[in-house]
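Please treat every number below as a calculation from the coordinates, not as lab data. All figures in this text were calculated on a predicted structure; none of them were measured in a lab. Ideal geometry is used to build each Cβ from the backbone, glycine not excepted, and the neighbour counts take in all protein chains shown.
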Amino acid sequence: MADLTNAAYWDQWWQTADSSLVLSSRDPQYGKNGWFLKFIDRHLPHLRGTVVAEVGGAMSYRLLSLAQHRGVVPIVIDYSAAGLEKTKELFAANGAEVRTIWGDFFDVKERFDVVTNWGVLEHQVKVGPFLRHCCEMATAAMIFGMPNMLSYGMAGWNRYSPKSLGWHICHPDESIVEVCEDAGFTCEPTFFGAPMICMTPIERPNRATAALLYAQVWADRLGRVLPYQFGARKISQTRAFVCHRH
């Protein structure tokens, strides 16, 4: 897999992650009525009891939210051993069970009801090999997303975190949709989430970035009252794709 990152990078990334966080059921994004689950409910309304596998899912609050509040059977696939250990700790801290699969994604031959990935595709040099294998694993649907690199917030990302930006590729809708449709899925591009004000971690902190981070926190919190399950191409944090097998 042509990946801009690797297992060693993610092992180091997850080594210091806080896996003791207990998610509140009132969390504006991942809580029972948070905007992430409202977005999922719009597109995959009947998930209870289904097996959902997340590729690159170490420390996934999204999968934890789906397990806790929508009754899915969660599986995490990742090549970071450190990330998977942290994942087990996170789910245990929240009273949930999770199955983990450690290794190269392309070595996984199992099939699952739904396959997801969040923040993985943009690290792939080519979308074809990665997405085709996701399609092979999904029996019913796929739903996946990445930071919205089409938003106005990209100006701040480029200015304050250029190194991080270099690890991301903005693949066009057409190439993603074509791969999924060739594999027997419909594929709908969409957007959701709070406005993208800044991207963390900030590599060049200053007074301006402190203000941006503060604004991002409050924008996220407004998800309690604003309909972030609906998004806009130039504003929302997350660019997503919803795929159903024919």
| field | Cα pair distances exceeding 21 angstrom across segment 1-117, given as percent | value | 37 percent
| request: Could you please tell me the mean projected area of the C-alpha convex hull for the chain, averaged over all directions and given in square nanometres to one decimal? | output: 12.0 nm²
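Kindly put T100, T200 in sequence by how many other C-beta atoms sit within 10 Å of each C-beta, fewest to most. Walk me through the numbers on the way to the answer.
Details: T100 18, T200 13.
If I rank by nearby Cβ atoms, fewest first, I get T200, T100.
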| field | Dipole of segment 157-246 [Lys/Arg +1, Asp/Glu -1 at C-beta], most positive-end residue of Q229, A219, T190 | value | A219
| Taking the Cα-to-Cβ direction at A215 and at T200 and moving 7 Å from each Cα, how far apart do the two end points lie in nm? | 1.7 nm
| query | To the nearest 20 debye, what is the magnitude of the charge dipole of the chain about its Cα centre, counting +1 on the Cβ of each Lys and Arg and -1 on the Cβ of each Asp and Glu? | reply | 920 debye
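Could you list the GluC sites (Glu not before Pro) in segment 145-221 that lie in coil according to DSSP, counting only those with at most 16 other Cβ atoms within 10 Å of their Cβ?
Working: sites: E174, E178, E181, E203; in loops: E203.
Loop-located and lightly packed - E203.
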| task | Check the straight Cα-Cα distances from K86 and name the aspartates and glutamates below 12 Å, setting aside those fewer than 8 residues away within the same chain. | result | D11, D18, D78
| note | In whole percent, the Cα-Cα distances of segment 109-222 spread across 5 Å bins from 0 upward as 2, 10, 19, 20, 16, 12, 11, 7, 3, 1
| query | Simple spin-label model, 7 Å along Cα-to-Cβ: R207 to F106 in nm? | reply | 5.1 nm
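In debye to the nearest 20, how big a dipole does segment 1-74 give about its Cα centre with +1 on each Lys and Arg Cβ and -1 on each Asp and Glu Cβ?
On the way: 7 positive and 6 negative charges, 102 e Å.
About 480 debye.
Could you list the GluC sites (Glu not before Pro) in segment 44-148 that lie in coil according to DSSP, counting only those with at most 13 other Cβ atoms within 10 Å of their Cβ?
Working: sites: E54, E85, E89, E97, E110, E122, E136; in loops: E97, E110.
Of the GluC sites (Glu not before Pro), the ones in loops of segment 44-148 whose Cβ has at most 13 other Cβ atoms within 10 Å are E97, E110.
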| Where both partners of a DSSP beta bridge lie in the chain, what percent of those bridges are antiparallel, to the nearest 5? | 50 percent
| message | Can you compute the FRET efficiency between Y9 and R99 using 1/(1 + (r/R0)^6), with r the Cβ-Cβ distance and R0 = 25 Å? Round to the nearest 0.05. | response | 0.55
| Using 19 Å as the cut-off for backbone N distance, which residues of segment 134-158 belong to the label zone defined by a point 7 Å from the Cα of K234 along Cα→Cβ? | 148-158
| request: Can you find, among Y79, L165, A208, the residue farthest towards the positive end of the dipole of the chain? Put +1 on the C-beta of Lys and Arg, -1 on that of Asp and Glu. | output: A208
| request: Please work out the Cα center distance from segment 189-226 to segment 122-140, rounded to the nearest Å. | output: 29 Å
